[in-house]
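The values are calculated or read from the model by the stated rules, or taken from the named source; none is laboratory data. The structure displayed is predicted, hence computed values, not measured ones. Heads up, the Cβs are rebuilt from the backbone with ideal geometry, glycines too, and the neighbour counts pull from every protein chain shown.
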Amino acid sequence: MFSESQVKVILILRDNNGHAGWELAEHIEMNESNLNPVLKKLEKMGIISNDKVRDSTKPISQIRIKSKDSEYRRSKTRSGEYKEHPYYLNKSLEALRIIIRELKGKKYPHIDAGFILNIILRSKYLEALMREFGVNVNKCATEEINKDFPFTNNEFYKEIVDELIPKDLSDFKERPQFTQADASMLLDDKKEYRCVFRRPDIEIWYNNYLKRISPNPENNTA
């Protein structure tokens, strides 16, 4: 089963742009040293990898360096001076199968499998899979979801299988990308049966994450 931090990593990487460890840690609000074991476990599961290398995208920052006369001076570090290994979701049907399988496990208070699947199945990551594997993506996702899906609401189950999983690439392109407005709408839709319970932390975090990364959240794509 996924931990809250693992789910957050997957939701960030769904944009297929690649994100370095420092950036993931910043968005998840964890120390990078504490996030490393989370990333290593996802690598071991075959869900993510960081084989590619690029110039660092870390923004300019100021660091304090102690000089010989024991006084501190400030030095700027710039993006591009260092290399980084960005993480990506593995573009394989098996990786998608594992993600769905793990989301179907025991439900934690911070995880809503339907909310997360809604995002992944409308992401640029899924589009990349569609380009490479075509209709086999639909077959893979449908088969995995059909295996004892944890929801008892038949209407919701039917919506996941019949409406959310694109049949092919052309079908995917006709579907709008997942936006911050969608996240807010999903949260609002749950007020009726969550009036007594607090919303899962992962949903609140994702809604805020989309707001942070885009100056115009309504147009932010996944």
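Residues of the stretch 97-134 that are modelled with pLDDT of 90 or more, part of a helix (DSSP H, G or I) and among the small types (G, A, S): A128 alone.
Per the listing S79, S75, the residue uniquely at pLDDT below 90 and assigned to a strand (DSSP E or B) is S75.
Applying the selection to the stretch 12-37, what residues are touching a Pro at 6+ places or on another chain (Cβ under 6 Å) and on the phi > 0 side of the Ramachandran plot? The one that is touching a Pro at 6+ places or on another chain (Cβ under 6 Å) and on the phi > 0 side of the Ramachandran plot: G18.
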